[in-house]
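K.L.:
Let me give you the structure first, and then I'll get to my questions.
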Amino acid sequence: MRISNILFSRIGKWSKQYANLPDRYIKRSMEQVYWRNPKGINYRANAVIQRKKFYFSVHRPWTAEFRNDNAPGVYRPKVFVEPVKEWNFFCGDRVEVLVGKDKGKQGIVKHIFEERNWVIVDGLNCKLKQMGADKKREFEGIWMQEEQPLLITNEVALVDPSDLAPTTVEWRLTEAGERVRVSIRTGRIIPMPATASQTIDYKSKSTYKEQPKDTEGSVVTEVTFKPKLCTFEMDLMDKMGIKEDRIPPKSYWY
Amino acid sequence: MSSRWYPIYQKGGPQLRVFLPNFWMKLVKPKHEQPPNIVQFACSMEMTKYDIKNYLEKIYNVSVVEVRTRIALGKTRRDPGLGYIVKDDDTKYAYVTLPKEEKFEFPTLFPKVSTDLEDYEKTIKQSKDGFKAYVDRNKNRPGMPGWFTI
Amino acid sequence: MGPLSKLVNLYRLLSNVNNQTKHLPFTTIARNVSTTKPNYDLMEFFDDPKNWGSNEVKSGRSWQKDEMRLKSNEDLHKLWYILLKERNMLLTMEEEAKNETMLFPSPERLDKVEESMENLEAVVRERNKAYYELETGETGERPGRVETGPFGLKFYYKMREYKVPKHMNKKWQETHQFYKHDKDVEAFLLKYGEKKFLSKRRQYKRDFNHVIGLLKRFPNMDMEALKQQYPDVDIEKAKNNHKCRGHFVPK
């Protein structure tokens, strides 16, 4: 597996869900390539020298803050992230905070950071942050409340909708063949929140507002392909009325 | 076969045709002043003068009188962090002459932002008012989550 | 129907692709004094004037292979030129934004267009392959074989088409030299193999140490998930390592 693929696989599906950006763009904006071998006979063909260690935090990989965190030559201490078998927390889930000053309070998951096993719960586990302090002008700045990320492994738990108490979950199949999260304690299904599949462009796929350059759905699904015994080029030449009877002289492949 | 593979031409063989050209061209603002009917493009390195002429005439429906090209040497510079030498890629530029009666002027794509002091003060006041409203709204309920609102 | 309703590209302009619609009324205002004919078609290299200087331009997703498979060759051909023009437009806007040190809004549009173009080429290739397989029993792809290069390393040699056979092509014979037994190359290969082996061993060691670090920090970790993530690492061995133990006497 290529290094870039390994790097890229670390960005979880649900971390990039909301931004609705193509994977290609995320990879392009994140990678730092220092050297790429030119084409031709090389002792190491296609060798690429690029940054391999990235520091992930609450900044998304395509943002300027992430680039600032991972500026060339800047390396941070290694972070150990506990391997998780399956991701159980989605945007809009009701969770209970198990640690800190908001211990026991319930809130809604706002952001997901799969690279660090983090979720941010709306309005809970906050820290005060001083903004714009200026000593010269004797201005103490503005104090803002900022939510701090919580580890999904031991700092938050999903809430069972039947008794509103925290629970552990597992994935099971329903009779219809659908995968659902089931509370282990009560056996009750925890439904997937509607906001889980929400993106910056639409709340649900059916409510997407078409942009001026978008192709209409009906045009896309329209079938215009008719099977024909010819290649793409032959078909086009036929349609354009280009006649070509000359037979290519013999050539050799080696 | 990949549509990027171009077969060889042999005398008496069929005419070679490209159905899916992959050339790119971008219209760039000329560095030096040009006559009104000359347009500058940066284009794929593989493009010849004939390719450029055909590309503009067939795809963009622009009549072309003459095409002149040059290849600009990419800059050689030192990497700011690690100090090794980097050479940027070369670029091919094409100067396309349109018919005499046609004119092209490069549009101003980024209108100048007004730097009036009044505007600046206005935005500052707006943000101040917004912050004050936010503080007033949350004065009596510290530590409440943001969604806890009617 | 949901995902299909949102798509990048001016597919609805398909019917107008040949007569080159001129839909840029904004220049007429600026140029109505001039008697010379303004050139509208070069304005296709620029985005819609509404988007000039904006911070964001919304767009749908790229064309998928499955959607392209429904389309006739003619439609795909038209779509290719729409995508090509869109890409040229985006490249122009990007370059100008770079020159002016301004923000290029929504750079992901470029990736969406390029992804669509890749998908289109793949679908065309698929169709041609099917034709050749039916007609000739072969894929019609460019043939190739695994060769050993002058450095003794294996690579996939893609064949080329020539007018003359191999034995008559002196130039090809001069330029295409494959592996011949050589003492120096043998020595190089030995060292190269050693280097590869060492780098592999280092990678294993790194993974092993990482697993130890994980076990030390998260003793109650899901072992199945760990095994899934590091399939090569012997976890039982890592557990018995002294670095994994905390500062206490084991019972």
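The values are calculated or read from the model by the stated rules, or taken from the named source; none is laboratory data. This is a predicted model, so every value here is computed, not measured. Here the Cβ is made from the backbone with ideal geometry for all residues, glycine too, and neighbour counts use every protein chain on show.
K.L.:
Given the conditions (1) more than 28 Å from the chain's Cα centre (by Cα); (2) closer than 25 Å to C:F218 by Cβ; (3) not acidic (D, E); (4) not in a loop (DSSP other than H, G, I, E, B), and given that A:I120 satisfies all but one, which numbered condition is not satisfied?
P.N.:
(1)
K.L.:
Taking the stated definitions as given, is A:S218 loosely packed, with under 14 Cβ neighbours inside 10 Å and at the interface with another protein chain (Cβ under 7 Å from one of its Cβ atoms)? Show your work before the answer.
P.N.:
Numbers: loosely packed, with under 14 Cβ neighbours inside 10 Å: yes; at the interface with another protein chain (Cβ under 7 Å from one of its Cβ atoms): no.
When the stated conditions are applied, A:S218 does not pass them.
K.L.:
Would you point out which residue out of C:L90, C:L14, C:L110, C:L4 is more than 7 Å from every other protein chain (Cβ to nearest Cβ), assigned to a helix (DSSP H, G or I), touching a helix residue (DSSP H, G or I) at 6+ places or on another chain (Cβ under 7 Å) and at pLDDT below 95?
P.N.:
Details: C:L90 fails: at pLDDT below 95; C:L110 fails: at pLDDT below 95; C:L4 fails: more than 7 Å from every other protein chain (Cβ to nearest Cβ).
After applying the criteria, what remains is C:L14.
K.L.:
Out of curiosity, is C:K129 of a type outside the set (G, A, S), farther than 30 Å from A:T153 by Cα and not assigned by TED's automatic domain parsing to the domain that holds C:L76?
P.N.:
Working: of a type outside the set (G, A, S): yes; farther than 30 Å from A:T153 by Cα: yes; not assigned by TED's automatic domain parsing to the domain that holds C:L76: no.
It is false that C:K129 is of a type outside the set (G, A, S), farther than 30 Å from A:T153 by Cα and not assigned by TED's automatic domain parsing to the domain that holds C:L76.
K.L.:
Having 3 or more residues that are within 11 Å of chain C (Cβ to nearest Cβ), out of contact with any Gly (no Cβ under 9 Å at 6 or more places or on another chain) and of a type outside the set (V, I, T) is the bar; report the strands (runs of 3 or more DSSP E) wholly within region B:1-97 that clear it. Break it down into steps so the answer makes sense when it comes.
P.N.:
Values: elements: B:25-27, B:38-43, B:66-72, B:76-78, B:85-87, B:91-97.
Hits in region B:1-97: B:25-27, B:38-43.
K.L.:
Which residue, of A:L164, A:L173, A:L150, A:L158, is out of contact with any Leu (no Cβ under 9 Å at 6 or more places or on another chain) and closer than 18 Å to A:V119 by Cβ? I'd like the intermediate steps shown before the answer.
P.N.:
Details: A:L164 fails: closer than 18 Å to A:V119 by Cβ; A:L173 fails: closer than 18 Å to A:V119 by Cβ; A:L150 fails: out of contact with any Leu (no Cβ under 9 Å at 6 or more places or on another chain).
Residue meeting the stated conditions: A:L158.
K.L.:
State the number of residues belonging to region A:147-180 that are surrounded by 13 or more Cβ atoms within 10 Å (Cβ to Cβ) and acidic (D, E).
P.N.:
Matching residues across region A:147-180 total 3.
K.L.:
Cβ-Cβ distance below 7 Å, separation of 6 or more or different chains: which pairs start in region A:233-254 with a residue that is within 20 Å of C:Y131 (Cα to Cα) and end on one that is in a helix (DSSP H, G or I)?
P.N.:
The qualifying pairs are A:D235/C:N73; A:L236/C:N73; A:L236/C:E74; A:L236/C:H77; A:K239/C:E74; A:E244/A:M237.
K.L.:
I've got another one for you. When the residues of region A:21-33 are filtered to those that are touching a Phe, Trp or Tyr at 6+ places or on another chain (Cβ under 8 Å) and not small (G, A, S), which remaining residue is surrounded by the fewest Cβ atoms within 10 Å (Cβ to Cβ)?
P.N.:
Within region A:21-33, the first condition is being touching a Phe, Trp or Tyr at 6+ places or on another chain (Cβ under 8 Å), and the residues that meet it are A:21, A:23, A:25-27, A:29-30.
Checking the rest, the ones that are also not small (G, A, S) come to A:21, A:23, A:25-27, A:30.
Values: A:L21: 21, A:D23: 12, A:Y25: 20, A:I26: 20, A:K27: 17, A:M30: 20.
Result: A:D23.
K.L.:
Ok, one more. Please return the ranges of helices (runs of 4 or more DSSP H) entirely within region C:153-251 where 2 or more residues are of a type in the set (S, T, Y).
P.N.:
Details: elements: C:170-175, C:183-217, C:223-229, C:235-240.
Of the helices (runs of 4 or more DSSP H) lying wholly inside region C:153-251, those with at least 2 residues that are of a type in the set (S, T, Y) span C:183-217.
K.L.:
Can you pull out every residue in region C:83-107 that is surrounded by fewer than 20 Cβ atoms within 10 Å (Cβ to Cβ) and under 18 Å from A:T215 (Cβ atoms)?
P.N.:
C:K85, C:S106
K.L.:
Just wondering, is there one or more residues in region A:85-93 that are in a loop (DSSP other than H, G, I, E, B) and more than 19 Å from the chain's Cα centre (by Cα)?
P.N.:
So the first thing to find is which residues in region A:85-93 are in a loop (DSSP other than H, G, I, E, B), and the list is A:85-93.
Next, from what is left, pick out any that are more than 19 Å from the chain's Cα centre (by Cα): none.
No: zero hits.
K.L.:
While we're on this one: For region C:145-155, check the following and say yes or no: at least one residue is within 30 Å of A:Y252 (Cα to Cα), over 20 Å from the mean Cα position of the chain (by Cα), surrounded by fewer than 13 Cβ atoms within 10 Å (Cβ to Cβ) and within 12 Å of chain A (Cβ to nearest Cβ).
P.N.:
So the first thing to find is which residues in region C:145-155 are within 30 Å of A:Y252 (Cα to Cα), and the list is C:145-155.
Right, trim to over 20 Å from the mean Cα position of the chain (by Cα) and you get C:145-155.
From what is left, the residues that are surrounded by fewer than 13 Cβ atoms within 10 Å (Cβ to Cβ) are C:145-146, C:154.
Narrowing further to those that are within 12 Å of chain A (Cβ to nearest Cβ): C:145, C:154.
Within region C:145-155, one or more residues are within 30 Å of A:Y252 (Cα to Cα), over 20 Å from the mean Cα position of the chain (by Cα), surrounded by fewer than 13 Cβ atoms within 10 Å (Cβ to Cβ) and within 12 Å of chain A (Cβ to nearest Cβ).
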